[in-house]
1. Throw me the Rg/Rh for the range 342-382, computed over C-alpha atoms with Kirkwood Rh, two decimals.
2. Report in % the part of the accessible area of the range 1-160 that belongs to carbon and sulfur, leaving out ligands and nucleic acids; probe 1.4 Å.
3. Rg and Dmax of the range 236-283, using alpha carbons, in Å: what are they?
4. How many Å³ per residue does the convex hull of the Cα positions in the range 144-274 occupy?
5. Per residue, how much accessible area does the range 96-229 have with a 1.4 Å probe, in Å²?
6. Tilt of helix 479-500 relative to the longest C-alpha principal axis of the chain, in degrees (0 to 90, nearest 10)?
7. Please report the equivalent ellipsoid semi-axes of the range 377-455, computed as sqrt(5 x eigenvalue) of the Cα gyration tensor, largest first, in whole Å.
8. Can you send over the carbon and sulfur percentage of the accessible area for the range 235-285, probe radius 1.4 Å, protein chains only?
Amino acid sequence: MSSLPGLLATRDPGWTEWADVIVVGSGIAGLTAALRLRDRVERIAVVTKDVLAAGSTQWAQGGIAAALGPEDSPEQHERDTLVAGAGACDSDAVRILVTEGPDAVRELIEWGADFDKDPEGNLSLAREGGHHRDRIAHANGDATGAEIQRALIEAVKRAPEILVFEHAMVVDLVTAEDGGVAGLTIHVMGEGDLDGVGLVRARAVVLASGGLGQVFSQTTNPAVATADGMALALRAGARLRDLEFVQFHPTVMYLGPDSRGQQPLISEAVRGEGAVLVDETGERVMAGVHELGDLAPRDIVAKAIMKRMLATGRPNVWLDARGFGEAYWQRRFPNILASCRAHGVDPVTELIPVAPACHYVSGGVHTDLWGRSSVPGLYATGEVACSGVHGANRLASNSLLEGLVFSRRIAEVLPGELRPLSEPVRHSGASGLVPGGTLKQVQEIMTTRVGVLRTATGLGEAVDLLGGIAATPAGRIDPAAWEATNVLTVAHALAEAALRREETRGSHWREDHPERDDARWAGHLDTVLDLDAGATTLMFTPAPATDGVPR
């Protein structure tokens, strides 16, 4: 057990609103849920921390995976997903993902998403790491997320019945007498008709708030990814699952030892088109490592890169895509080309320096197959959720598909499960905050001790250091303190889970326990928070390995 701040300290709400359903987040998962629900409930609201286009979806380069090609099938997609997940996937969730995925992508096209086509007018499908078929639909070469975000925003603008709160940070879930959803407190940051802290009463809340990238010093995630949804859910009594499985993307552009914040991603699709990883001598990094070579699952590639970096003493390896030529770069990866050149590297003629960095968390708010959490009336979808499809390591380009599929499933069941509009109950537990200035301390602790390479010593130090920060009270109430407290809360839970899991599986790499151990660790680690005690409890739930490779 470890002590953490309770509900976020905040001022009393100065205004009130209501909605049948509040969707938190405006990426593919959130906007799909809102669009699917708009004709099924009377009043729906979308709350987003910045503008509608500011989430992680717009940064997705590679594309969206689905069995859409003539030689592909859901069964093949399922097998690739289970293998990448290293035995920790929920096989039922994976089957739902791959069988419902193609229709979900077709609906996205109907909403206006314009994917790249081949000369015959069919979808142009690419291949990425861990896939044995070409099944990645992409748009504008390497700007798939931006195109999907554009199409969804345009669809929302054509739906005036969807109430949108931009520049609005969710503070905490408000619960009713039975512990279920009664609404949210949110802070609207000086934009629009509402300002300051307010209460939005609701019959259901759908979390689609994204991941926890800002828990680490270097990440591909935008600045808004401060784990708000996961922290909020934990404080509300929901269960977080599999937080230790953080995916470090193997090819993030290395900008030097002092670079912090969001880093340039070099999409896996670049390797899918033939680029290869090499060290400073030109030797292939992935030679003899895996049957798929440079297109092995991300955890395997990231580990191979880290091993080569340790062996050579260098802070990076190199991605060689010089064989593409200028015209191909301009056509297939124009945005990555521009990004590289903006940072002083011309990939047409030069090697690209790359190293792993935090990219995606496979864990999150534990849900069932319909997106329900353990809190009545609280649903979760997309990266904030742990639906079970990713296991210990997400297969490339399955994230956008998960947001589509499980948001559609939530919309199927939620209208029939709406709770009465309930009176909020003030919680008896103490509220708290840590100073906003502690965020960088938390990030450095997590990066140096809970990064790609983990040991019991480093993880134990991280838990202790984070516990010390948790005891530091904030001198003022503001969004910076809320964000820092959310990051600390989830970072602490992540470090505890990583310390407890004494094996190497998928994206969780323990140097002191280098082998996968199904006999002891096939299953899931769940975190819950007791607000009254200010303490988390970590529980292990055994489950059989699902990749057919027992170890």
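1. Working: Rg = 19.8 Å, Rh = 14.2 Å.
Answer for the range 342-382: 1.40.
2. Carbon and sulfur together cover 46 percent of it.
3. 16.1, 53
4. Here the figure is 162 Å³ per residue.
5. Using a 1.4 Å probe on heavy atoms only, each residue of the range 96-229 averages 34 Å².
6. Rounded to the nearest ten degrees, it is 60.
7. Computed over the range 377-455, the values are 31, 26, 9 Å.
8. About 42 percent, which is the carbon plus sulfur part of the accessible surface.
The values are calculated or read from the model by the stated rules, or taken from the named source; none is laboratory data. In this text the structure is predicted, and so the values were computed from the model without any measurement. Glycine gets a Cβ as well: all are built from the backbone with ideal geometry, and neighbour counts include every protein chain shown. Protein only, heavy atoms only, side chains kept; ligands, DNA and RNA dropped before computing areas. Shrake-Rupley method; radii C 1.70, N 1.55, O 1.52, S 1.80 Å.
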